[in-house]
Structure formats: structure tokens, C-alpha cells
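Just so it is clear, none of the values below were taken in a lab; they were calculated from the coordinates. Please read all numbers here as calculations on a predicted model, not as lab measurements.
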Amino acid sequence: MKENYTRLLTEFQRKDCQMKEMQKRMKGICGPCPSKGGDGDADAAELNLLRARVNELKEEQLEFKCIMKEQSQQLEDYRNKYLLAQQKVEEQCVSLEKLNMNNKRIEQQINTEVKEIRAKFQEKLNELLHFPKLLENEQLKLAQVCKEKDEMQTKLVVVCKELKACKTQMEQQPNVDVRPQLAQCQMELTQARNELEELLRQRDLFCEQLKSTQDDLDTLRTESAKIIAGTKERAELIKSQQQEQINRLEKELAQCRATASLSVNDREAVIREMQGQLNTLSYSFDAAQKQIKTLRNHIAYVSNENCFPVKC
């Protein structure tokens, strides 16, 4: 665009120099030629016509200068708009690059946090990995204790029956000494009660440990689910925000590109218009130059006749 404008301006300056040269030649031709009589009036009319044509060319030249100045200003405005649009495009590209870098950094950060959470979860899971086996062992122990309790209850029933039989026998045979058997039965009964109480205590302890282990496992599952859900929600929110920002920047970038394209089209239209006006002016200038040349020849012819009049 700058080269086209420079070329047009150079051609205009060349035409202007030609115009000034023709004016100097006219002054040189018209200076030493005095006008006499009717021929002088004709020469004056021709000179006035020539001066009028020169004035018209000067007016056209001035008008063309104004047009050149306006179009130069318009061209400069388009150039500034184009540079501004190009600057915006570059800024948007830089913003997109920064945004992509931020997205990658945030994505890496999220991946790192997810890996850390997974590692912590795996660590907790490893800590509680023996709990199911422990739970199974405790359940087996509890079943064994319950079985032993049932056996002790059965044994207790048998002992009670024997004790009752001993009492009945004592009542029926008062002279028979059954105190050793009674003492033995009471001792066995006391031992059975103690074993039953110990089994019940162990059962309660195992039930309490089982409940505590189950609560710890449920708590770990709940906390892990909350952490995973919170991390996923945060990642989705950041992803949504970054996507909205990317869409906004892409929209602004498209607008800047459209503005730059429009500035380029306007610039090309101005260049075509200037080229057309310059061609028109060049054509008019060539026509005026031919007319001036004809008038100059006519003036030279008239001047020769005035300087060397024909004798009758």
C-alpha cells in the first residue's frame, strides 16, 4: 500500500513539474510578442483562453492535491486501524498462549492433587486392609465363644439337675453323706458360672471391637468419597471457567481479525479509487498538454506574422 501511494505521489510531482515548465514556456513565448490591431485582439483572446485553461488545470491540480491529502489522511487512518487491529490480534494470541499455559499448569496441579489423594486413600486402605481379616477372625472367635457358652449352659443345666437330684436323694436318705458330691457340684457350678461370665465378657469385647472397626471403615469410605467428589467438582468448575475464558478470547480474536480484514479491504478500495482519479487526471493533463502545445504553435505562428508582416 505504501509503495502504491509513493508511486502515485511521484507521478503527481512529475505532472506538476511538467505544468510548471509549460507555464515558463508560455511566459517566454508571450513576453516579447507585442499585440497590434485586430491580430493583437485575436492573440489576446487566444492568450486569455490559454490562461483560462492553465487556471483550470491549476484548479484541477489544487483539487487533486486536496483529494490526495484527504486520501492520504484516510489511508493513514486505515493504517492506524490496521496496526491497532494487528496489535489486538497479537495481544489476544499472547493471552491465548498464557491461558493455555495456565490451563496446562492447572491441569498438572489437579492431576498432582488427585495422585496425592489416591496415594493417601491407598495408604488408608492399606492400613485398614487387615480389618476385614481381623473382623473375620473376631467373628470366628465370637462364634466359638457362643458355642462354648451354649456348651456351658448345657453343662450348667446338667449340673443343676445333678444338684437337684442330690438334694432329692438327701431328703430321701438323710443318713447318707452327700456333702462331698454337693461340694463338688457347687464347685463345678461356680466354675461354670465363671467361665460363662468370662465368655460373655469376651463376647462383649469382641462385639465392641467389631463395631469400632466397622465404624472406622465406614468413616474412611465416607471421607474418601467426599474428597473425591470435592476434587472432581473443583476440577469441573476450573475447567468450565477456563473454557468460558477461552471462548471469550476466541470471540475477541475473531472480531479483531474481522476488523483487520475490513481495514485491508478499505485500504485496497482507497488505492483503487486513487488510481482511477490519477488516471482521469493524467488523461485530462495529457489532453490539456496537447491543447497547450497547439495554442503554443498557434501563438508562435501569430507572433511570426506580427514580427514579419506581409507587404501588399
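The alpha-carbon of Lys81 sits under 16 angstrom from the alpha-carbons of these lysines, leaving out residues fewer than 8 places away in its chain: Lys2.
Given the pairs Lys155/Lys211; Lys98/Lys232; Lys115/Lys251; Lys104/Lys232; Lys24/Lys290; Lys147/Lys211, which are separated by over 28 angstrom at their Cα positions? Correct reply: Lys155/Lys211; Lys115/Lys251. If each Cα of region 91-160 is one equal point scatterer, what is log10 of I(q)/I(0) from the Debye formula at q = 0.14, 0.17, 0.25, 0.26 Å⁻¹? With no solvent term, the Cα-only Debye profile gives -0.71, -0.80, -1.00, -1.02. Take the Kirkwood radius over Cα pairs of region 119-239, plug it into Stokes-Einstein at 4 °C and 1.567 mPa s, and you get 68 µm²/s for translational diffusion.
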